[in-house]
Amino acid sequence: MADQTSTANQWPADAATYNLISPARKRLGWALMAAATLGLLATIVFEILYRAETETWRPAVYAYVLWGVALGIGQVLTRGEDGQRALFLLPALLFTIAMVIFPTLFGFYIALTDWNLSSFTGRKFNGLDNFWQMLGDPYYRNALFNMVLYVLAVAVEYVIAFGLALLLNAQIRARKFFRVVFLMPLMLSPVAVSWMIGKSLMEYRFGPAATLARHLGWDNPAFFSDPITARISIMILDAWTFIPFMMIMLLAGLQAMSREVLEAARVDGANAWQTFWQVTFPLMLPVSVTAVILRIIFKLKLADIIITVTSGGPGGATDSVSSFIYREYRDRSNVGYGTMLAMAYLVIIVVFVTWLLKLANRFVRNVN
């Protein structure tokens with residue numbers, strides 16, 4: 001009862017402390033933040049409109065720093081102690097705005113311009129011309145189709161990773177040695193994997209894989225000349241690199257499982273398959289969903305292996321969206337159109353991953 005009385009008496013005191021901030025001080029704080037915000041916006045607009053005359057973004061940077069300082073002072077003036085506590089979050093907010101929000105907004109602006117680095121005319125605003133060009137671009141649609149195939153391949157990678165995790169979790173000889181061996185692809189750079197396997201082992205004239213394929217009856221073992229074979233080869237290279245990533249997550253989940261549950265299933269007469277399907281697999285669903293979603297996120301930015309091995313060929317058959325955008329920048333120097341492709345892909349990724357997370361949460365809840 002005494003605690004309730006103390007709590008009841010504390011709230012009016014806190015409210016009274018908040019009300020001690022004078023209206024004049026609040027008006028000063030709001031005026032300072034408003035003036036700094038208007039100054040920052042005016043500086044950015046001036047930089048955009050008169051970029052050729054200024055040739056530097058330093059005025060905008062200085063205005064942004066002053067805006068951050070004014071925002072912190074304004075919070076203290078208008079909110080008192082709450083404003084002082086908010087100062088601890090202000091650096092993270094300013095960093096996020098500078099490194100995430102502003103580049104994204106600037107990217108959308110670049111996407112609405114005709115900007116080719118090989119042209120002497122410079123950057124020119126062209127509205128939605130890049131967007132309409134993107135909708136009619138068959139190579140971009142092909143890259144999106146390839147990404148669907150690459151993402152669907154994650155299901156096969158998950159099955160293989162789960163099998164390896166079960167194998168390494170069993171009591172077998174040299175278990176620690178095999179764990180290190182299976183993790184080695186993850187320790188290598190995808191570019192190194194591309195050169196060692198894609199450019200060396202799978203080279204169609206003298207590569208060991210091509211030589212073995214000839215002995216097995218394949219007359220022309222060109223792994224990257226046929227569109228279907230090339231896609232499958234890229235999937236195999238990427239899977240060999242990142243299956244250990246899912247395997248180690250699943251192995252950690254298996255080792256964290258209670259042994260008593262598995263022993264109880266065996267006592268009840270369940271065989272190995274029944275134990276896996278009715279006990280192990282349901283208990284591993286949260287870890288499995290996390291591993292698959294993370295793998296899909298890594299798959300959505302697949303580019304380095306494709307750029308190194310095939311450069312998107314033959315005829316764009318192996319292109320991912322990221323590799324296609326990279327070549328749009330590198331080979332054609334088309335900054336405006338390439339940025340439009342990147343911004344559209346960003347929107348697709350955000351919508352797809354958001355939907356995927358909701359679907360995964362609903363699936364796990366229904367199973368549980």
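The values are calculated or read from the model by the stated rules, or taken from the named source; none is laboratory data. Values in this document were obtained by computation on a predicted structure and should not be read as measured data. FYI the Cβ positions are ideal-geometry reconstructions off the backbone, even for glycines, and counts take in every protein chain you see. To get the accessible areas, we keep the full protein, side chains included, count just its heavy atoms, and leave off ligands, DNA and RNA. Shrake-Rupley method; radii C 1.70, N 1.55, O 1.52, S 1.80 Å.
Mean separation of Cα pairs under 8 Å and 6+ residues apart, divided by the residue count of segment 106-163: what relative contact order is that in percent?
Reported relative contact order: 21 percent.
Got a sec to turn the phi values of segment 84-94 into Karplus ³J(HN,Hα) couplings, 6.51 cos²θ - 1.76 cosθ + 1.60 with θ = phi - 60°, whole Hz, x for Gly and Pro?
Whole-Hz 3J(HN,Hα) from phi for segment 84-94: 5, 5, 5, 4, 5, 8, 4, x, 5, 5, 5.
Lys and Arg at +1, Asp and Glu at -1: add these up for the other residues within a Cβ distance under 13 Å of ALA209 and post the number. Don't jump to the answer; show the numbers that get you there.
Numbers: positive: LYS199, ARG205, ARG214; negative: GLU203.
Local net charge: +2.
What span do the alpha-carbon atoms of segment 119-190 cover on each of the three principal axes, reported in whole Å from largest to smallest?
Rounded to whole Å, the extents work out to 67, 27, 15 Å.
Just want to confirm a number: the relative contact order over the chain, from Cα pairs under 8 angstrom separated by 6+ residues, in percent.
On the way: 340 pairs, mean separation 74.4, N = 368.
Normalised by residue count, the contact order of the chain is 20 percent.
Which whole-Hz couplings ³J(HN,Hα) result when phi for each residue of segment 177-191 is put into the Karplus expression 6.51 cos²θ - 1.76 cosθ + 1.60, θ = phi - 60°, listed in order with x for Gly and Pro?
For segment 177-191, the Karplus curve yields 5, 5, 4, 5, 5, 5, 8, 4, x, 5, 7, 8, 6, x, 5 Hz.
May I ask for the equivalent-ellipsoid semi-axes of segment 51-127, computed as the square root of five times each C-alpha gyration tensor eigenvalue and listed largest first in whole Å?
Values: eigenvalues 256, 36, 16 Å².
Over the Cα atoms of segment 51-127, the ellipsoid semi-axes are 36, 13, 9 Å.
Just need log10 I(q)/I(0) for the chain at q = 0.06, 0.11, 0.15 Å⁻¹, Debye formula, equal scatterers on the alpha-carbon atoms, no solvent, rounded to two decimals.
-0.41, -1.01, -1.26
Let me cross-check TYR329: its accessible surface, 1.4 Å probe, with only protein heavy atoms counted, in Å² to the nearest 10?
80
Cross-link candidates for LYS299: which aspartates and glutamates have Cα within less than 12 Å, leaving aside residues fewer than 8 places away along the same chain?
Within the straight-line cut-off, LYS299 pairs with GLU157, ASP238.
How about segment 274-347: which trypsin sites (Lys or Arg not before Pro) there are in a DSSP loop, with at most 15 other Cβ atoms within 10 Å of their Cβ? Numbers along the way, then the final one.
Values: sites: ARG295, LYS299, LYS301, ARG327, ARG330, ARG332; in loops: LYS301, ARG332.
Here the trypsin sites (Lys or Arg not before Pro) that fit, given the DSSP loop and packing criteria, are LYS301, ARG332.
Ranked highest first by average number of other Cβ atoms within 10 Å, how do 236-247, 93-104, 60-71 line up? Could the numbers behind the result be given before it?
On the way: 236-247: 21.2, 93-104: 12.5, 60-71: 16.8.
Sorting 236-247, 93-104, 60-71 by mean packing, highest first, produces 236-247, 60-71, 93-104.
What is the set of long-range amide H partners of THR113 at a cut-off below 5 Å, with H atoms built 1.01 Å from backbone N?
Sorted by chain and number, the residues that satisfy this are ASN126.
If N is the number of residues in segment 43-202, what value comes out of its Cα radius of gyration divided by 2.2 N^0.38 Å?
Working: Rg = 26.1 Å, N = 160, 2.2 N^0.38 = 15.1 Å.
My calculation over the Cα atoms of segment 43-202 gives 1.72.
Restricted to Cα positions, what overall size does segment 152-194 have along the principal axes? Three whole-Å values, descending.
34, 25, 9
Return the calculated 222 nm mean residue ellipticity for the chain, to the nearest 500 deg cm²/dmol, obtained by summing -39500 (n - 2.57) across DSSP H runs with n ≥ 4 and dividing by the residue count. Show your work: numbers first, answer last.
Numbers: 19 runs with 266 residues, N = 368.
The per-residue figure over the chain is -23500 deg cm²/dmol.
Where does segment 204-268 land on Rg(C-alpha)/(2.2 N^0.38 Å)?
On the way: Rg = 20.5 Å, N = 65, 2.2 N^0.38 = 10.7 Å.
That works out to 1.91 for segment 204-268.
If you keep only loop residues by DSSP, which trypsin sites (Lys or Arg not before Pro) in segment 122-222 have at most 12 other Cβ atoms within 10 Å of their Cβ?
Numbers: sites: ARG123, LYS124, ARG141, ARG173, ARG175, LYS176, ARG179, LYS199, ARG205, ARG214; in loops: ARG123, ARG173, ARG205.
Those satisfying the criteria are ARG173, ARG205.
Starting from segment 17-119, pick out the GluC sites (Glu not before Pro) whose DSSP state is loop and whose Cβ has at most 13 other Cβ atoms within 10 Å. Could you put the intermediate results ahead of the total?
Working: sites: GLU47, GLU53, GLU55, GLU81; in loops: GLU55.
When the GluC sites (Glu not before Pro) of segment 17-119 are filtered for loop state and at most 13 Cβ neighbours within 10 Å, GLU55 remain.
If you place +1 on the Cβ of every Lys and Arg and -1 on the Cβ of every Asp and Glu, how big does the dipole about the Cα centre of the chain come out, in debye to the nearest 20?
Numbers: 29 positive and 22 negative charges, 77 e Å.
Dipole magnitude for the chain comes out near 380 debye.
With θ set to phi - 60° and the Karplus curve 6.51 cos²θ - 1.76 cosθ + 1.60, what are the ³J(HN,Hα) couplings of segment 160-174 in order, to the nearest whole Hz, using x for Gly and Pro?
Coupling constants for segment 160-174: 5, 5, 5, x, 5, 5, 5, 5, 6, 7, 7, 7, 10, 6, 6 Hz.
Grab the Cα-Cα distance for ILE228 and THR96, subtract it from 0.36 nm times how many residues apart they are, and report the gain in nm with one decimal. Let's see the in-between values first.
On the way: separation 132, 0.36 × 132 = 47.52 nm, distance 4.22 nm.
Result: 43.3 nm gained on full extension.
Hull surface divided by four, with the convex hull built on the Cα atoms of segment 209-367: how many nm²? Present the calculation step by step, with values, prior to reporting the outcome.
Details: hull surface 53.9 nm².
The Cα convex hull of segment 209-367, projected and averaged over all directions, gives 13.5 nm².
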